[in-house]
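The values are calculated or read from the model by the stated rules, or taken from the named source; none is laboratory data. Since this is a predicted model, take the numbers as computed values, not measurements. FYI the Cβ positions are ideal-geometry reconstructions off the backbone, even for glycines, and counts take in every protein chain you see.
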Amino acid sequence: MQADSHTGRWFILILLVVAAVVWVDLPGTSSVLGRSVGLRQGLDLQGGIQVLLEADIPPEESVEPQDMRVARTIIENRVNGLGVTEPVVQLQGERRIIVELPGIRDPEEAVRTIQATALLEFVAGEAGLIDGQLVRTTHSAGGMAVPEGADPSMIAGPYETVMTGEALRDAAVDRDQLGQFAVAFSLKPDWAGFFKDYTGAHRGEFLTIVLDKRVVSNAVIRDQISEAGVISGGKGGFEYEDAQRLATQLRYGSLPVPLRVEGNTTIGPTLGQESVDASVRAGTIGVAIVLAFMVVYYRVPGLLAALALMIYALINLALFKSVPVTLTMPSITGFLLSTGMAVDANILVFERMKEEMRDGRRVVTAMENAFGRAWTSIRDSNLSTLISCAILYYFGSNFGASMVRGFALTLALGVLINMFTAVLVTRTFMRLVVYRWGDWLQTHRWSLGF
């Protein structure tokens, strides 16, 4: 008896998925579809910097707890915008915030981004304004019309402020028509109509982008702009790091409380290399024992499940590199836990298959019934785990326990991949074997773990 055509198509799909993830997993693969990929290590594995921030207001003035919580959230978003995942941003007392950034190589750059106010203005400019030039505008931020300490003789202006960064809804790194790095922005609905009318009425005139009173880009209005536009970096374009910093500052705006840096410290990994090696070794041994148990106890089905489990691990690694997921000890723990759950799903199926055969059913019928009847148990257990992961991720996002988010994320990814490998991949492998050698398996029941 041969497996149906659907099984063959699923097998081809599985082979294509395996080929794709193996390619992503190769150490030499650093880019996929133009997007950089790679494994990221968290603070406990690679170290980083710790920045201590304190509210920059007189000691006798109180600080609103809500303002400090908002500042913490904004800072966490900003450092994530720098490409930092799994940052530790937590409140200390009533006036301080501790920021721990894994893998940051330039502490000064991180501090500048955390502290920046990022006052963006669209001003009615003129020819001759150059990138980096200081200007005076009609909009005054915090009583300052120009940056503090600037030489008045080097300041151009004043220029009329058409719109400020408050009108922005979002900003992200993009590329302009020349392929250079730029910052794409979108406007809030309340401002889209105004900006469309203004740009429509001032075609051919200069519109200058000013950040903290310093020219970022001086361009001519070519067409109407309503809901979205692009900030280019001038003739040479932005460097990627500059575009990323600008987009991060604009996206998350000013801090509700001025903060000063009390100090920053470079810290080493909280786990020594020996601890990391021991953890990896323990995980490898544990998975190897599980695979050996499956093969010894369930024989042929166990071997097929072990192959599916290897595919499961390859897909996980590919996602870790592509998402990317920052590897910390909690996130690695989530992966290992999901691996055990993947084995549990196979055990449910195989034990059900044994029960069907003890009731006198042929191996093909027993296999189909086992997968069909075990599916509800697998689905419900995985669904409950996903709900738990969502709760953990929510609390990790709202209470600063970012390490919990890593655990919840890798566990949830593992559960979702388990739905694919433990059911679809193992079932396809079983069908290919059972439909081809079912008679032999029926007469040699030891090969099925009896």
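Below, the figures for the structure above:
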quantity	calculated
In the stretch 193-244, the residues that are touching a residue at least 40 places away in the same chain (Cβ under 8 Å), charged (D, E, K, R), over 27 Å from ASP106 (Cα atoms) and surrounded by 15 or more Cβ atoms within 10 Å (Cβ to Cβ)	GLU227
Pairs with Cβ under 7 Å, 6+ apart, first in the stretch 1-13 and closer than 20 Å to GLN442 by Cβ and surrounded by 11 or more Cβ atoms within 10 Å (Cβ to Cβ), second modelled with pLDDT of 80 or more and basic (Lys, Arg)	ALA3/ARG431; THR7/ARG431
Residue list for the stretch 206-225, filter: closer than 20 Å to LEU134 by Cα and either of a type in the set (S, T, N, Q) or modelled with pLDDT of 80 or more (or both)	PHE206, LEU207, THR208, ILE209, VAL210, VAL215, SER217, ASN218, VAL220
Unmet requirement for LEU392, which otherwise passes all of (1) buried (at least 17 other Cβ atoms within 10 Å of the Cβ); (2) in contact (Cβ under 8 Å) with a residue 60 or more places away in the chain; (3) at negative phi	(2)
Filtered residues of the stretch 277-302 (kept if within 15 Å of LYS354 (Cβ to Cβ), among the hydroxyl-bearing types (Ser, Thr, Tyr) and surrounded by 15 or more Cβ atoms within 10 Å (Cβ to Cβ))	TYR298
Residue within the stretch 237-256 that is in contact with a helix residue (DSSP H, G or I) (Cβ under 8 Å, 6 or more places away or on another chain) and modelled with pLDDT of 80 or more present	no
Selection within the stretch 345-373 - exposed (fewer than 15 other Cβ atoms within 10 Å of the Cβ) and among the acidic types (Asp, Glu)	GLU351, GLU355, ASP359
Residue within the stretch 330-344 that is in a helix (DSSP H, G or I) and more than 21 Å from THR385 (Cα to Cα) present	no
Filtered residues of the stretch 179-188 (kept if in contact (Cβ under 8 Å) with a residue 12 or more places away in the chain and over 23 Å from GLU126 (Cα atoms))	GLN180, PHE181, SER186, LEU187, LYS188
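Yes/no per residue for (1) under 17 Å from the mean Cα position of the chain (by Cα); (2) assigned by TED's automatic domain parsing to the domain that holds ASP242; (3) modelled with pLDDT under 75; (4) surrounded by 14 or more Cβ atoms within 10 Å (Cβ to Cβ):
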residue: LEU26; (1), (2), (3), (4): no, no, no, no
residue: PRO65; (1), (2), (3), (4): no, no, no, no
residue: ARG72; (1), (2), (3), (4): no, no, no, yes
residue: VAL79; (1), (2), (3), (4): yes, no, yes, yes
residue: GLY83; (1), (2), (3), (4): yes, no, yes, yes
residue: GLN90; (1), (2), (3), (4): no, no, no, yes
residue: ARG95; (1), (2), (3), (4): no, no, no, yes
